[in-house]
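Below: one structure, written as structure tokens.
What follows draws every value from the coordinates through simple rules; no lab data is involved. Computed from a prediction, not measured in an experiment: that's the story for all the values here. Cβ: placed from backbone, ideal geometry, glycine included. Neighbour counts: every protein chain shown.
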Amino acid sequence: MTETTIQTPQPQDSAGAQADAVDEQLAAHLVEQARERGISLVGRDGLLGRVTKLVLEGELTDHLGYPHGDPAGRNAATPATAPATRP
């Protein structure tokens, strides 16, 4: 038998509610602009793919400390390629 968990929304403070409203407005604006410009919402070159790519690139930049293609990342040692050190 599987167990189903139901989560009830937690009350938000006014700052959290305002942030959600801004997020929804931003998303609605992006969708509206995409439709006006004839950009598909999904698919290979759609809005969702473009936004996802930007978010993932931003996360990777934050994680690595440099943007994609930056010379700082060339020939940099990673745990997989770093020479082994012996105690």
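In order along the stretch 41-55, the phi-based Karplus estimate (6.51 cos²θ - 1.76 cosθ + 1.60, θ = phi - 60°) of 3J(HN,Hα) comes to 7, 10, x, 3, 10, x, 4, 4, x, 5, 5, 4, 4, 4, 5 Hz; Gly and Pro are listed as x. Our coupling estimate for the stretch 19-31, obtained by passing each phi through the Karplus curve with A = 6.51, B = -1.76, C = 1.60 and θ = phi - 60°, is 5, 4, 5, 5, 4, 5, 5, 5, 4, 4, 5, 4, 5 Hz, Gly and Pro reported as x. With a Förster radius of 22 Å applied to the C-beta separation of residue 18 and residue 54, the computed FRET efficiency comes to 0.40.
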